[in-house]
1. Do you know which of the residues in the range 69-86 that are loosely packed, with under 15 Cβ neighbours inside 10 Å and under 19 Å from the mean Cα position of the chain (by Cα) is farthest from residue 163 (Cα to Cα)?
2. For residues that are in contact with a strand residue (DSSP E or B) (Cβ under 9 Å, 6 or more places away or on another chain) and part of a helix (DSSP H, G or I), scanning just the range 199-215, find the one that is surrounded by the fewest Cβ atoms within 10 Å (Cβ to Cβ).
3. Out of the range 36-63, which residues are surrounded by fewer than 16 Cβ atoms within 10 Å (Cβ to Cβ), in contact (Cβ under 8 Å) with a residue 12 or more places away in the chain and out of contact with any helix residue (DSSP H, G or I) (no Cβ under 9 Å at 6 or more places or on another chain)?
4. Select from the range 221-234 the residues that are closer than 22 Å to residue 182 by Cβ, surrounded by fewer than 19 Cβ atoms within 10 Å (Cβ to Cβ) and touching a residue at least 12 places away in the same chain (Cβ under 8 Å) and list them in ascending order.
5. Show the residue pairs that are 6+ apart or on different chains and have beta-carbon atoms under 8 Å apart, the first residue being within the range 144-167 and touching a residue at least 40 places away in the same chain (Cβ under 8 Å) and on the phi > 0 side of the Ramachandran plot, the second being in a strand (DSSP E or B) and crowded, with 24+ Cβ neighbours inside 10 Å.
6. Give 134, 99 a once-over and let me know the one that is on the phi < 0 side of the Ramachandran plot, buried (at least 16 other Cβ atoms within 10 Å of the Cβ) and either touching a strand residue (DSSP E or B) at 6+ places or on another chain (Cβ under 8 Å) or in a helix (DSSP H, G or I) (or both).
7. When residue 243 is evaluated against the numbered criteria (1) crowded, with 19+ Cβ neighbours inside 10 Å; (2) within 21 Å of residue 26 (Cβ to Cβ), which criterion, by number, is the only one it fails?
8. Going by what's in this entry, would residue 122 be described as loosely packed, with under 15 Cβ neighbours inside 10 Å, in contact with a helix residue (DSSP H, G or I) (Cβ under 9 Å, 6 or more places away or on another chain) and in a helix (DSSP H, G or I)?
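The values are calculated or read from the model by the stated rules, or taken from the named source; none is laboratory data. Note that the structure is a prediction, hence the values are computed from the model and not measured. Please note: Cβ atoms are built from the backbone with ideal geometry, for glycine as well, and neighbour counts cover all protein chains shown.
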């Protein structure tokens with residue numbers, strides 16, 4: 001179980017806390033989508049939960065152990081991270097990049113065992129990257145690179161996967177496919193998958209629970225909860241566009257509901 005206990009997430013100095021008084025619990029087998037406007041603090045939240053950024057206050061614990069007190073190797077065995085940052089790996093094949101997911105478990109020489117290769121092959125099959133496994137990683141499109149990085153995270157075989165806007169470079173079928181396979185991975189393997197996304201409709205359709213980041217707070221709940229749907233409207237409504245909870249879609253304010 002992953003627990004966020006009275007956490008303030010942000011940055012030292014004048015900027016201070018972006019999010020405060022966070023108390024959240026994630027249980028094995030959960031697929032959670034984090035949604036919110038740009039600049040609301042989604043990435044700050046995910047960086048704090050994954051151990052990449054220390055909280056300004058409070059604790060993030062996995063199996064009752066503070067993740068920010070773990071060694072880097074132990075944390076890498078427990079939590080994998082995928083971001084939208086464009087990764088470059090000159091000279092490495094796709095297969096080599098995915099192999100790096102097993103690094104937290106290898107000896108100082110980085111020797112891979114038969115079990116390691118089985119885990120890697122399974123990850124490549126799951127994300128459908130076997131077809132270009134021997135291609136140079138840097139020759140791939142942005143969408144293909146994202147698939148490879150997801151495969152590397154799967155090969156890392158952690159209790160928690162944290163993915164920040166990883167569907168940004170994928171087309172619509174690709175977004176549906178990747179989010180569906182991550183949801184299935186969480187459910188069948190008993191993993192915690194925490195994913196931030198701008199794709200609200202897909203998040204409403206697939207997430208077990210939603211985290212809505214707005215005004216320095218996080219509201220958690222299921223998509224069927226009217227309170228959560230109203231929280232989405234509060235977070236996303238603008239002068240010209242509003243979220244309509246009844247149909248779970250955005251519409252122009254001057255557009256009649258009957259026209260949708």
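1. Among them, the one singled out is 86.
2. 201
3. 57
4. 221, 222, 223
5. Every condition considered, the pairs that remain are 165/196.
6. Working: 134 fails: buried (at least 16 other Cβ atoms within 10 Å of the Cβ).
Answer to the selection: 99.
7. That leaves (2) as the condition not met.
8. So residue 122 passes the test.
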